[in-house]
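Asker: Pasting a structure below so you can have a look.
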Amino acid sequence: MSSHPWYILGAGSIGCLWAATLHLATGCSPVMIVRNREHYINKKTDNTAVLTLTHLDKTETRHPVSVMTADEITTPIHQLIVCTKAGDALTAMNSIRPVLAKHGNVLLLQNGMGSQEAVAKAFPTQNIWIGSTTDGAWIREPLHVHHAGQGLTEIGCFNHQSATEFLCQFQGFPLKMTASKDIKNVLWQKLAVNCAINGLTALFDCQNGALLDNDKKSLMDELTDEFVHVSNTLGRTTPESLHEKVYEVCRLTAANHSSTCMDARLQRRTELAFINGYLIRVAEKEGLTLPAHQQLMDRLSQKGVRW
Ligand SMILES: NC(=O)C1=CN([C@@H]2O[C@H](COP(=O)(O)OP(=O)(O)OC[C@H]3O[C@@H](n4cnc5c(N)ncnc54)[C@H](OP(=O)(O)O)[C@@H]3O)[C@@H](O)[C@H]2O)C=CC1
Ligand SMILES: CC(C)(CO)C(=O)C(=O)O
């Protein structure tokens, strides 16, 4: 187990879930790096705070953490977990560039694709790890997180084939974890589902299950057809029955509002640039156009949904 402290960049739902879990697993307090200190802590001179985790069984545990802004950090960061939204990841990473250890381990937990490549390109000497997570969490108030759904986090190395020492630290971790030898493929498979579901739920402001209604299902099918086309062109694998897989996710999460639908409702910037937008950019490089994806993005723009 490394003796270096853990730093968490972004104190939102996933950042707080991981900070509390790290404290449970290691007994050490992580450092939460935030951009607006006053939002989390009102003491001027003391950086310590207590984070509350409401577990799946509704019990609560409390966890001491340090809360700091990037410019308050003076010691090198060797172990970092980036928990911002995809669109903020690179800017957030740049804010801690001066204190990031040259060969530090960085675990990125963003949904979608594209932000990981951008970070890996901008930080070539660091070991960039990717986690693709299906855990669910939400924030009740600053530093009080609810673990809302048990999921799985698959982790793999993105740029270097570095020692698995980093991954070993998650053995026996309270969240379900597994090592992936092909994390890019894991991201691609999740992207397929998110491309079909997320944007449409924002467009119709509906739960995931409503996409199985006939009129919406045909749009979902068109998006999935286009995904398969791009995937085949790139020589990537997709499940033979991707359409069935998409329907199954809609059924299993029928009562949920997707993350994109919630962001759109709250007029927050969505992660669509790293979901459907990413697929459009990849297709363009291959000389392909994706009319269903493009039309979806145009309709979302007209509706005022941001990405
Ligand atoms: N929540 C969930 O259940 C799941 C989330 N994910 C993915 O995990 C990622 C994080 O999601 P989630 O935790 O829900 O998002 P949140 O919006 O809850 O948290 C993101 C946090 O990042 C912070 N942030 C943004 N820029 C910076 C910066 N420059 N420096 C420091 N902090 C910064 C924000 O701070 P501020 O308050 O200042 O804006 C915010 O607290 C997303 O990609 C999401 O799709 C994946 C699966 C499930
Ligand atoms: C699978 C799905 C659509 C579940 O809601 C999701 O990943 C999201 O909301 O971002």
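Asker: Please work out if residue 99 is open to solvent by less than 10 Å² (accessible area, probe 1.4 Å) and in contact (Cβ under 8 Å) with a residue 12 or more places away in the chain.
Answerer: no
Asker: Mind checking which residues of region 267-303 are within 14 Å of ligand 2 (Cβ to nearest atom) and more than 29 Å from residue 235 (Cβ to Cβ)?
Answerer: 268, 270
Asker: Is it the case that region 236-252 has a residue that's β-branched (Val, Ile, Thr), open to solvent by 20 Å² or more (accessible area, probe 1.4 Å), at pLDDT 95 or above and within 14 Å of ligand 2 (Cβ to nearest atom)?
Answerer: Yes, region 236-252 has at least one match.
Asker: Just name the residue that is nearest to residue 77 (Cα to Cα) out of those in region 102-121 that are in contact (Cβ under 8 Å) with a residue 40 or more places away in the chain and small (Gly, Ala, Ser).
Answerer: Looking at residues that are in contact (Cβ under 8 Å) with a residue 40 or more places away in the chain and small (Gly, Ala, Ser), I get 115.
Asker: Residue 117 versus (1) open to solvent by 20 Å² or more (accessible area, probe 1.4 Å); (2) in contact with a Ser or Thr (Cβ under 9 Å, 6 or more places away or on another chain): which is the lone unmet condition?
Answerer: (2) is the only condition that residue 117 fails.
Asker: Which of the residues belonging to region 29-55 are within 24 Å of residue 135 (Cα to Cα) and at pLDDT 95 or above?
Answerer: Residues satisfying the conditions are 29, 30, 31, 32, 33, 34, 50, 51, 52, 53, 54, 55.
Asker: Take the residues of region 1-24 that are out of contact with any Leu (no Cβ under 9 Å at 6 or more places or on another chain) and surrounded by fewer than 17 Cβ atoms within 10 Å (Cβ to Cβ): which is modelled with the lowest pLDDT?
Answerer: Applying the filter and picking the extreme gives 1.
Asker: Further, regarding this structure: Exactly one condition in (1) open to solvent by less than 40 Å² (accessible area, probe 1.4 Å); (2) free of Cβ contacts under 8 Å to residues at least 12 places away in the same chain is not met by residue 262; state its number.
Answerer: (1)
Asker: Answer with yes or no whether residue 201 is open to solvent by 60 Å² or more (accessible area, probe 1.4 Å), of a type in the set (Ser, Thr, Tyr) and either touching a residue at least 40 places away in the same chain (Cβ under 8 Å) or outside the structural domain of residue 298 (by TED's automatic domain parsing) (or both).
Answerer: Criteria not met by residue 201.
Asker: For region 253-266, which residues satisfy the criterion of being within 20 Å of the chain's Cα centre (by Cα) and more than 15 Å from residue 203 (Cβ to Cβ)?
Answerer: Hits for region 253-266 are 253, 256, 266.
Asker: Here's another thing I want to ask about it. Considering each residue of region 215-232, count those that are in contact (Cβ under 8 Å) with a residue 40 or more places away in the chain and open to solvent by 60 Å² or more (accessible area, probe 1.4 Å), and give that number.
Answerer: The qualifying residues number 3.
The values are calculated or read from the model by the stated rules, or taken from the named source; none is laboratory data. Please read all numbers here as calculations on a predicted model, not as lab measurements. Because the Cβ atoms are built from the backbone with ideal geometry, glycine has one as well, and the counts that use them run over all protein chains shown. For the accessible areas, the whole protein counts, side chains as well, though only heavy atoms, and no ligand, DNA or RNA atoms are used. Shrake-Rupley method; radii C 1.70, N 1.55, O 1.52, S 1.80 Å.
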